[in-house]
């Protein structure tokens, strides 16, 4: 018997099926999809159907049309009727051209189906009692939270409310929800204890480049096909931004874009098959696939953990020594007053080149020859003196590295030194994780330590007993925050203390009396009232006092941008949310409006005003209200750098519906000459995003070793292995959907670690064994895969999984300049369990996922 | 249903064999509405480990691969439960897959399917596991018959719905 029920036939949408355009709910690529909905009893035929494809014939390979088992589901609308749902990769999207990943290909399976995989959605607001969660009405839930929030602000001040809320696009629901969360927490509550879904503070992960005048999303997908060299730095593109790799980077490596290069490049400029530099401690699937395509054009560099900025500076020094830069560009477009500091501290011009390279080799573990090779592939002018075109994409391997700020700054500067931004085939920025969709009032902390920061660490505030109400939106910090074992224990203790006090003698059902008793409990117990907004019962939600059911992708209208083109599109609503679930913007608006009314009753005009401006009637209104935050966008093309990267002033939902998969690229400007809205394909061609339009150089810190939180493990035989974490091709984030989808959980039933064969031999371990990985922060249990992805002495773990988190092992260290954690480096010990959970792992493939050879 | 009426082995350049078989009969399987044929595709006594045979099922437009993997497989047949067969069209975009090292690999986008684990995609883009062919072994003769398909063959609205 197959492991789960398979289909060997699919229903066909009739010609008059409802059709919507949307974008995948998952990664930064943002592939276009078309959605079809039709009554279950009304099918089309093989030759007359809404797809416009002749389904009577065997489909041809690479036709760009796919309709697989995982792209169909059955949904139930509020009218009680059942409908077929098909979610099909859009051939007309220039992002994916009909291609799709293992994540996007299962979009349909995530749709709520009362009889399907995702039936266990949250459907009512829930309140926790001694015997578990009890459903309550929205009216009661809103009244309790509004009263309690107001009482807490009044009695203890705004900082008694702490929050951790998503700020991204797509799956969370983009600009609409983000504007509402911004209005509620930043304008209304005005707490300074804000944090973003995946980290302990409210910060940019890329202040190191933004404060140089270069926002990280500055390129177009076309640049990945047109670049002479693509650099992936701590960015496992094949597994985490898959379609950017297969539709844009891979064709470049294969030589499939040479003709396009010839058209796009300057006359006489050489155009050839692309090169790729992959800087990653692991030989992951991105490396393996790239080497299988063109081994002689792949350079794989494996630095020691935490040392990448030293490597970036060494490569930059080689470029500097060889004068592989354009002095005219540096003089005109960059702030040469600040260059001296860069030259002295980052390029270390006072140190002989040989000494610098020897030092860099010792610190990073990277041979000098590889640094030289990287410099040549990134910046050495081509035959005829033409500037090389390099696109550099970094992601969590850099962002979540030790010293976030300096890592990001070093890579940005290395690329600007070679004028690798603002030209065809260039760019330097994030590969991205999620899609984006950020619009909010100004944050309390404007920047890094160099620009008014750093922001407060909310994790430390909460675990240290700070805050009374902790509000969590669409994230699961018990799995995803650093030092998560300690975090979970601390929050649980405070949450349980509050519950115990409340239930002692019974809980008042009258709202004011309930709120009073909660305030009393705050005083007596130091407890924490946690509110969670989510689609599912999560690890964190299980300890909440109240859970609010949120609508997901496809259940509300959403607008977001992808990362590789900043392409703004509509993610239309095609189905109803289950039960009483609401979009986050509606939840926050209801609570905000109620708090406003309570303050009005008090005669407190000032506070009532703070919670004003949330009286939206529709998602389109929220979208428009948010756009006001961007200011005027009437600027010429040459002045696009003055615009906020996600500016969409003048764009409406209706307009985006008409544009469909084509979308429009932010920043959107209103052209002063024509008066028409115009997108921006590529940024910083004419100037940078600083006051004077010049790129600002910065001198990075020298190498001074590891922070105390990790240094304590060095030379300690109990923790002999370096440990790093990352993602898998299969599953998205905490597996909130994927833990319910058999195509995913059968393959990855448990959290896992990858161990090098040499280490596995010494430890007597083999694939399929179970181990405990541990250090002084905590421990995690994992399934072992032995493969050569890691280096001897280095263990890799999936960052988190529905059945456990590797963040237990991660220290609470954050970069003092930005409060961004070093998620990807620590040291651990490892021990094997004697037996094996045969039943739990019998469905898991143990084959090496980084071996693509025949 | 179009099936070839001659028996012939053809050695292909990739050292796998094309196997056309006769002697099919229609058989309806419990739990499936589809009316799959029964097709003799090989014999367990002559099948060598990791030497795949190719065949077409349920019709000549659907290439498949039969392999004795050497280790126990989900839905495997034979005394070792290690004989399995799969569609050899990648479920992602229909490119041909090749058997190697216990998996089917597609070189268009590098999806890889574990033949011992129900054809699951353990790496790559294919969101749908590759369809596993339902097999039956005649205990006396060792003849292996293909009699059904678990999962949708790439490029089809139904496994038996192509003209």
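Summary table below
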{"read-out": "Matching entry among B:146, B:140 (being at negative phi, more than 9 Å from chain A (Cβ to nearest Cβ) and touching a strand residue (DSSP E or B) at 6+ places or on another chain (Cβ under 7 Å))", "value": "B:146"}
{"read-out": "Given (1) more than 14 Å from every other protein chain (Cβ to nearest Cβ); (2) out of contact with any helix residue (DSSP H, G or I) (no Cβ under 7 Å at 6 or more places or on another chain); (3) surrounded by fewer than 23 Cβ atoms within 10 Å (Cβ to Cβ); (4) more than 16 Å from residue A:406 (Cα to Cα), number of the condition residue A:810 does not satisfy", "value": "(3)"}
{"read-out": "Criterion violated by residue A:183 - all others in (1) within 22 Å of residue A:476 (Cα to Cα); (2) in contact (Cβ under 8 Å) with a residue 60 or more places away in the chain; (3) not in a strand (DSSP E or B) satisfied", "value": "(1)"}
{"read-out": "Hits in segment B:113-124 - residues which are assigned to a strand (DSSP E or B) and more than 7 Å from every other protein chain (Cβ to nearest Cβ)", "value": "B:113"}
{"read-out": "Any hit, segment B:80-87, residues being within 26 Å of residue A:12 (Cβ to Cβ) and in contact with a strand residue (DSSP E or B) (Cβ under 8 Å, 6 or more places away or on another chain)", "value": "yes"}
{"read-out": "Selection status of residue B:127, in a loop (DSSP other than H, G, I, E, B), closer than 18 Å to residue A:65 by Cβ, within 11 Å of chain A (Cβ to nearest Cβ) and modelled with pLDDT under 95", "value": "no"}
{"read-out": "Tally of residues being modelled with pLDDT of 95 or more and facing another protein chain (nearest Cβ under 9 Å) across segment A:820-854", "value": "12"}
{"read-out": "Matching residues in segment B:73-104 - criterion: being surrounded by fewer than 23 Cβ atoms within 10 Å (Cβ to Cβ), part of a loop (DSSP other than H, G, I, E, B), touching a residue at least 12 places away in the same chain (Cβ under 8 Å) and facing chain A (nearest Cβ under 10 Å)", "value": "B:74, B:75, B:94, B:95, B:102"}
{"read-out": "Residues located in segment A:84-118, provided they are over 26 Å from the mean Cα position of the chain (by Cα) and more than 13 Å from chain B (Cβ to nearest Cβ)", "value": "A:85, A:113, A:114, A:115, A:116"}
{"read-out": "Number of positions in segment B:63-72 that are within 17 Å of residue B:52 (Cβ to Cβ) and within 12 Å of chain A (Cβ to nearest Cβ)", "value": "3"}
{"read-out": "Flag for residue A:650 being under 24 Å from the mean Cα position of the chain (by Cα) and in contact (Cβ under 8 Å) with a residue 12 or more places away in the chain", "value": "no"}
{"read-out": "Selected residue [free of Cβ contacts under 8 Å to residues at least 40 places away in the same chain and within 20 Å of residue A:801 (Cβ to Cβ)] from A:517, A:524, A:489", "value": "A:489"}
{"read-out": "Residue match in segment A:147-155 (condition: part of a strand (DSSP E or B) and surrounded by fewer than 17 Cβ atoms within 10 Å (Cβ to Cβ))", "value": "no"}
{"read-out": "Long-range neighbours under 6 Å by Cβ, at least six apart or interchain, first residue on the phi > 0 side of the Ramachandran plot and modelled with pLDDT under 95 within segment A:588-608, second surrounded by 18 or more Cβ atoms within 10 Å (Cβ to Cβ) and not in a helix (DSSP H, G or I)", "value": "none"}
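The rows are residues; the columns are (1) part of a loop (DSSP other than H, G, I, E, B); (2) surrounded by 20 or more Cβ atoms within 10 Å (Cβ to Cβ); (3) touching a helix residue (DSSP H, G or I) at 6+ places or on another chain (Cβ under 9 Å); (4) modelled with pLDDT of 95 or more.
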| site | (1), (2), (3), (4) |
| --- | --- |
| A:623 | no, yes, yes, yes |
| A:629 | no, no, yes, yes |
| A:641 | no, yes, no, yes |
| A:648 | yes, yes, yes, yes |
| A:655 | no, no, no, yes |
| A:686 | yes, no, yes, yes |
| A:692 | yes, no, no, yes |
| A:701 | yes, no, yes, yes |
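The values are calculated or read from the model by the stated rules, or taken from the named source; none is laboratory data. Because the structure is predicted, anything quoted here is derived from the model rather than measured. Methodologically, a virtual Cβ is constructed for each residue, glycine included, from the backbone with ideal geometry; neighbour enumeration extends over all protein chains shown.
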